[in-house]
Amino acid sequence: MPVLGIIAALHHEIASLLQAMGPDIKIHNIGQRAYHEGTLMGQPCVIVLSRVGKVAAAATTVTLIREFKVNSILFTGLAGSINNDVKIGDVVVATQLLQYDLNAAPLFPRYQVPLLGKSHFDTDSKLTEQLKSSVQGYLQHDMNNDIHPQVLDTFKLQQPQWHAGIIISGDCFVSNATHASQLQQDLPDALCVEMEGASVAQICHEYEVPFAIARVISDKADGSAHTDFNAFLEQVARHYSAGILKRFLSLN
Ligand code: ADE
C-alpha cells in the first residue's frame, strides 16, 4: 500500500495525529528529527515534525522520500494572511508555492530557483482536490463540535472560509504591516505567507513526488502576529490539523 508522509513545523499541529496513530508506531531518529512510522485509519504513514524554516523542511522532505520511500506528502500548518479576503481561521489550500526571499537578480529573474528555471511549483491536482474536500467538510461539519464555543468566540471563528491559491514562503516570521503590504504589492496573487511550503514543493518537484499543502490562518502578518499566532497555536491549531487530516485519510 502507498505510504503517505505527513509534515508539520510545530508539535501542536500533529499532537493529536500522533496520539491517534496507535501502539504499532515505530520511531526512527534521523538528523535530529523523529519520524513516526505506523498507520492512521488503515493508511501507512510517516509523521514528522520538520521544525521551522525552509532548510528544516527541505531536509525533512528529502529524508521522507529517500529513507521512507513515501509515495506522496502532505504538509499542514499555520500561515499569516496577506490578502484582505483571507481571515484568521480560514484555510488556504495551495495550488502553487513560491520562495519570496529568493533573489539571484540580475543573474536570474527574481524568485526563480537558479539553474532549475522555475519560481512557481504546482501542487498535485488530485491530492489538492482531496485536501480541498477535507477542508470544506471540516469547516462545515466538524469544527463547531471540535472547538469549544468560547474559543470560537475569542477568535471570532464564525464562518471560516477555505481558499485555493498561491502560498509564499520565506525564512522570516512576518510581523510587521509594512513588510506584509510589500509582499502583497510584489506578489498580488499570493494569499498567505509561511516559512516552509515552497521548499517542500521544490524538493517534491525535484524527486517527482506528489504533494499538497494546507495552511490555517493564525494571524495577519502584522504587529499582532506573534500574539495571535501563539494563542491560535495553543487553542485552535491542533483541532484543525487533525480534523482536516482525518477527513483526508477517510477519502483514501
Ligand atoms: N506562520 C504563521 N504566521 C506567520 C507569519 N506571520 N509569517 C510567517 N510564517 C507564519
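The values are calculated or read from the model by the stated rules, or taken from the named source; none is laboratory data. On a predicted model such as this, the values are computed, not experimentally measured, just so you know. Ligands, DNA and RNA are stripped out before the accessible areas are found, and what is left, the full protein with its side chains, is counted by its heavy atoms. Shrake-Rupley method; radii C 1.70, N 1.55, O 1.52, S 1.80 Å.
Per Stokes-Einstein, at 25 °C and 0.890 mPa s, what whole-number D in µm² s⁻¹ belongs to segment 148-203, with the Kirkwood radius over Cα pairs as the hydrodynamic radius?
Working: Rh = 13.4 Å.
In µm²/s, the coefficient is 183.
Please compute the Kirkwood hydrodynamic radius over segment 1-87, one decimal place, Å, based on all pairs of different Cα atoms.
On the way: mean 1/r = 0.0739 Å⁻¹.
In segment 1-87 this quantity evaluates to 13.5 Å.
Could you work out the helix-only [θ] at 222 nm for the chain, with each DSSP H run of four or more residues adding -39,500 (n - 2.57) and the total divided by the number of residues, to the nearest 500 deg cm²/dmol?
Details: 9 runs with 86 residues, N = 252.
My calculation for the chain gives -10000 deg cm²/dmol from helical runs alone.
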Task: When the chain is reduced to its Cα atoms, the Kirkwood hydrodynamic radius in Å - done: 18.1
Open item on the list: Give me Rg/Rg_expected for segment 52-127, where Rg uses Cα atoms only and Rg_expected = 2.2 N^0.38 Å with N residues.
Closed with: 1.30
- [ ] Write down the accessible area per residue of segment 76-250 in Å², having rolled a 1.4 Å probe over the full set of protein chains.
- [x] 44
Task: Rotationally averaged projected area of segment 137-252 (alpha carbon convex hull; nm²) - done: 8.3
